[in-house]
Structure formats: structure tokens, C-alpha cells
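The values are calculated or read from the model by the stated rules, or taken from the named source; none is laboratory data. In this text the structure is predicted, and so the values were computed from the model without any measurement. Please note: Cβ atoms are built from the backbone with ideal geometry, for glycine as well, and neighbour counts cover all protein chains shown. Please note that ligands, DNA and RNA were not included when accessible areas were found on the heavy atoms of the full protein model with its side chains. Shrake-Rupley method; radii C 1.70, N 1.55, O 1.52, S 1.80 Å.
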Amino acid sequence: MFLGTRGEIEARTPRHYMHSSLLISYRGAKVMIDCGLDWLGRFERLRPDAIVLTHAHPDHAWGLRNGASCPVHAPQKTWRTLKGCNIANRQLIKERTPTNICGMTFEAFPVEHSILAPAVAYRVSAGRARIFYAPDLVFIRDRASALKDVQIYIGDGATVTRSFIRKRRRALIGHAPVRTQLMWCAKEDVPRAIISHCGSEIVTAEERKRTAKVRALAAKRGIEARIAHDGMKVKL
């Protein structure tokens, strides 16, 4: 279930109100991916069995400022950059190493996004289901391995077609447009894409027009795509 689908922007609507977060349920267990500042004092009612972090930016991790009653899993580079969060049960995820969390397999793939808060995306497997969750990225390192046999790519909706990529210290930072991510899916034979972490281009646009635009971009590449909204559920 998409708990939230809003990126780090001022604009909000009822459909894109909370910071981006995904709740994965499997055989009675619930794992929450990311817990941004909007979730401070709120995520506890969800009673997740574990929380997994992609990186330490406020809209992905600062909901944990007061700690968490469940284990929190993240790569070492996220733990190094996460400040001001009193988390007692910290669990380490090693990049490119499949890790069992509550009966689900998480594999962290490094992605380019930020220098100050290095990020990963997650390939998640449970039973026959395989998804890839990448809410913030410029590109995926080892994309072929990351997206192999993935059924749904869940990607970064900061921008649909315009570039939101900048160069700093010889590194690329920012967000790949949806159009580029759909191209990746086409090249790696991923049949479905869902866009989350929505920016102003999506959040403030008229819903019918923004949906039609994303679907048209996807159809040109032989992919089925949709824009996520808060509370949306998907079964695999």
C-alpha cells in the first residue's frame, strides 16, 4: 500500500498529502519503506514489524526523530548521515546482499541521487512477487541486475519530462524524469511502472491530464503505467 506519495515539496492535495512511503505486507508481516517527517508521531498507528530506509533526507527518514518500537534497517552510508534520530534497534543492510526482513528479501542497489545523503533503491521479493522501489534517483548502478524479472517498477515522480539533474563535485544529483525511467523499464522488460514521490508537476496538475500524459509516455514503450496516490493498494 502507498502510505504517502508526495515528494519534498510545499504543494499538497488529498491524493498526495503525506511524504512518500510504501507498506509491504506478506503473510501477516508488514514492512514500511521510508518514514519522512510527515510521519512523525503518526507511523506508530501502522504497527510495522520493521522499517527500511532508502536514505537520510528529511522526507524519507525524519519521521523517526522520536525513535521506533520496531527494528529499523538501512545501509551503513544512511546510518552515517542520519542525524537527530534516536533509534535503538538499528540493523545494517549490506548493499547488493539479499537480506531477509520479516520473510521478505530486500536487496539494496546503490543509486545516484545525493552527495550529502547517499541513497539506495530496493529490489524486494516475496513468494513469486518482485518489485523495485526507487523513490529518489538519477540512475541505477547495475540496472540490468536490479530490474531482472521485476514485475513492477515503482519510481521517482519529481518530474515527468523536464530534466531535474544537476552536477556537483563531478557527481550527478537530483531526479531522473519519469520519461527516462520508463525507458529503463522498456530496456529491461519490466511490464508495469507506478510513479510515486510526486513533485509539483504531478501534484498541482489536473488529474486526468497528468494521468493521460504518463500513460501515453509508457504506451510508446510498451509499458503499463499509473500514478500512485495516498492509500492506493496493489496486489501481486
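Across the range 1-90, the convex hull enclosing all Cα atoms gives 91 Å³ per residue. Normalised by 2.2 N^0.38 Å, where N is the number of residues, the C-alpha radius of gyration of the range 131-218 stands at 1.07. Largest GNM mean-square fluctuation across T13, T78, T99, computed for the chain with C-alpha springs under 10 Å, falls on T13. To put it simply, the accessible area of the chain at a 1.4 Å probe is 48 percent carbon and sulfur.
When peptides 56-63, 213-220, 173-180 are ranked by their average number of other Cβ atoms within 10 Å per residue, the highest-first order is 56-63, 173-180, 213-220. Considering only Cα-Cα distances, which of the following residue pairs are longer than 31 Å: K209/K235; K148/K233; K30/K220; K94/K233; K77/K220? The pairs that break the limit, which is 31 Å between Cα atoms, are K30/K220; K77/K220.
Please compute the length gained on full extension between N100 and I115, using 0.36 nm multiplied by the number of residues separating them and subtracting their Cα-Cα distance. That works out to 2.6 nm of additional length. Taking the charge dipole of the chain about its Cα centre, with +1 at Lys and Arg Cβ atoms and -1 at Asp and Glu Cβ atoms, the residue from A216, T159, Q76 reaching farthest to the positive side is A216.
Note on A171 and K220: the extension gain reaches 14.6 nm, defined as 0.36 nm multiplied by sequence separation minus the Cα-Cα distance. A compact globular protein would have a Cα radius of gyration near 2.2 N^0.38 Å; the ratio found for the range 21-143 is 0.97. Among the trypsin sites (Lys or Arg not before Pro) found in the range 61-161, those both in a DSSP coil and sparsely packed, with 11 or fewer other Cβ atoms within 10 Å of their Cβ, are K83, K94, R128. Equivalent-ellipsoid semi-axes for the chain (Cα gyration tensor, √(5λ), whole Å, largest first): 25, 19, 19.
The residues neighbouring K209, those whose beta-carbon lies less than 12 Å from its own, together hold a net charge of +1 under the Lys/Arg +1, Asp/Glu -1 convention. Peptides 160-170, 18-28 ranked from most to least packed give 18-28, 160-170, packing being the mean of other C-beta atoms within 10 angstrom over each peptide's residues.
Computed from the Cβ-Cβ distance with R0 of 25 Å, the FRET efficiency linking Y17 to K187 stands at 0.15.
Heavy atoms of the protein chains alone define the surface here; on that basis the range 46-137 has 40 Å² accessible area per residue at 1.4 Å probe size.
Other residues with beta-carbon under 9 Å from the beta-carbon of T161 carry, at +1 per Lys or Arg and -1 per Asp or Glu, a net charge of +2. Can you tell which of A29, A11, M1 lies farthest toward the positive end of the dipole of the range 1-42, using +1 and -1 charges on the Cβ of basic and acidic side chains (Lys, Arg; Asp, Glu)? Working it through, the farthest residue towards the positive pole turns out to be A29. If only the Cβ of Lys and Arg carry +1 and only the Cβ of Asp and Glu carry -1, the dipole of the chain around its Cα centre is close to 360 debye. Relative to the dominant Cα principal axis of the chain, helix 178-187 is inclined by about 90°.
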